[in-house]
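Just below is one structure, and these are the notes that go with it.
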Amino acid sequence: MFWNRIAGVYDLIENIYNGKVNADVTDYVASLMESGDSVLECACGTGMFSVKIAPRVRRLTATDFADGMLKRTRKKCRDMHNVFVSKGDITALEFEDNKFDKVVAANVIHLLDDPATAVAELKRVVKPGGMIIIPTYIHFGKSAAASVFNKAGADFKRHFDADTYEEFFKELGITDVQYHVSEGRMPCKVAVFTNEK
Ligand SMILES: C[S@@+](CC[C@H](N)C(=O)[O-])C[C@H]1O[C@@H](n2cnc3c(N)ncnc32)[C@H](O)[C@@H]1O
């Protein structure tokens, strides 16, 4: 699988190419956390967000469907005793309804055949009134990182810009969304909304 093949170089590419954006966006997402929160992170990758979220919450469940990426998250979080790492597909989550205070799914929506199902799953597992946080790179298609990933066999389904990202949520009927943009070489736009059930 593509993500297992590139797991060993993912952090290097991200840090060199987009370190400023990644530092800002992970800090922003961490700032939304509260000490009593039980948080689900889907598509955690190598744990770039996990290491910032975990110190601020009661419990973090970090999931991804690629073993190679999970291995790196496990290594990075090995001294964080409130982090539980497990394999899972964001489009078919193995958690009961209304379980988490917050859910985070970063830089994965553009990879999915059926992103609407993923968003429905995030809404299902978060408590009523809980927070859903979805950061996604915008202008990714034009970036040098995209061409590296494409050459390595990545299969990106969509490339968002600032406007089409907002359209995506409107089309799902999610209108009360706060947005934050971390600017830089490959900007990341964070969508934050409350789960009204
Ligand atoms: C671009 S990386 C982002 C990783 C991390 N969230 C970050 O921002 O650094 C995309 C991640 O999504 C994961 N992924 C892709 N499709 C998935 C799916 N259907 N379920 C769970 N994880 C998935 C990949 O394995 C990869 O780790």
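The values are calculated or read from the model by the stated rules, or taken from the named source; none is laboratory data. Note that the coordinates shown come from a computational prediction; the quantities given were computed from them, not determined experimentally. Note that we place each Cβ from the backbone using ideal geometry, even for glycine, and neighbour counts take in every protein chain shown. Ligands, DNA and RNA are stripped out before the accessible areas are found, and what is left, the full protein with its side chains, is counted by its heavy atoms. Shrake-Rupley method; radii C 1.70, N 1.55, O 1.52, S 1.80 Å.
Summary of values
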{"item": "Enumeration of residues in the stretch 31-60 that are more than 23 Å from Glu94 (Cα to Cα), more than 12 Å from the ligand (Cβ to nearest atom) and free of Cβ contacts under 8 Å to residues at least 40 places away in the same chain", "result": "Ser31, Ser35, Pro55, Arg56"}
{"item": "Unmet criterion (only one of (1) closer than 16 Å to Tyr165 by Cα; (2) in a helix (DSSP H, G or I); (3) touching a Phe, Trp or Tyr at 6+ places or on another chain (Cβ under 8 Å)) for Asn150", "result": "(1)"}
{"item": "Out of Tyr17, Tyr28, sole residue that is in contact with a Pro (Cβ under 9 Å, 6 or more places away or on another chain), open to solvent by 30 Å² or more (accessible area, probe 1.4 Å) and more than 9 Å from the ligand (Cβ to nearest atom)", "result": "Tyr28"}
{"item": "Count - residues of the stretch 61-101 that are open to solvent by less than 20 Å² (accessible area, probe 1.4 Å) and either near the ligand (Cβ under 9 Å from one of its atoms) or closer than 14 Å to Ala43 by Cβ (or both)", "result": "11"}
{"item": "Leading residue by the ranking (surrounded by the most Cβ atoms within 10 Å (Cβ to Cβ)) among those in the stretch 121-134 that are in a helix (DSSP H, G or I) and more than 14 Å from the ligand (Cβ to nearest atom)", "result": "Lys123"}
{"item": "Members of the stretch 9-44 found to be over 29 Å from Val148 (Cα atoms) and either in contact with a strand residue (DSSP E or B) (Cβ under 8 Å, 6 or more places away or on another chain) or in a helix (DSSP H, G or I) (or both), listed by number", "result": "Ser31, Leu32, Met33, Glu34, Gly36, Asp37, Ser38, Val39, Leu40"}
{"item": "Whichever residue in the stretch 167-196 is charged (D, E, K, R) and without any contact (Cβ under 8 Å) to a residue 24 or more places away in the chain and, among such residues, is least open to solvent (accessible area, probe 1.4 Å)", "result": "Glu167"}
{"item": "Some residue of the stretch 112-120 being near the ligand (Cβ under 8 Å from one of its atoms) and under 15 Å from the mean Cα position of the chain (by Cα)", "result": "yes"}
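For every residue, the table says whether it meets (1) at pLDDT below 95; (2) outside any strand (DSSP E or B).
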site	(1), (2)
Thr136	no, no
Ala145	yes, yes
Ala154	yes, yes
Arg158	yes, yes
Tyr165	no, yes
Phe169	no, yes
Arg185	yes, yes
Lys189	no, no
Val192	no, no
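So that you can scan it fast, the table gives a plain yes or no per residue for (1) touching a helix residue (DSSP H, G or I) at 6+ places or on another chain (Cβ under 8 Å); (2) within 29 Å of Pro128 (Cβ to Cβ):
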residue	(1), (2)
Ser38	no, yes
Arg56	yes, yes
Asp79	no, no
Asp89	no, yes
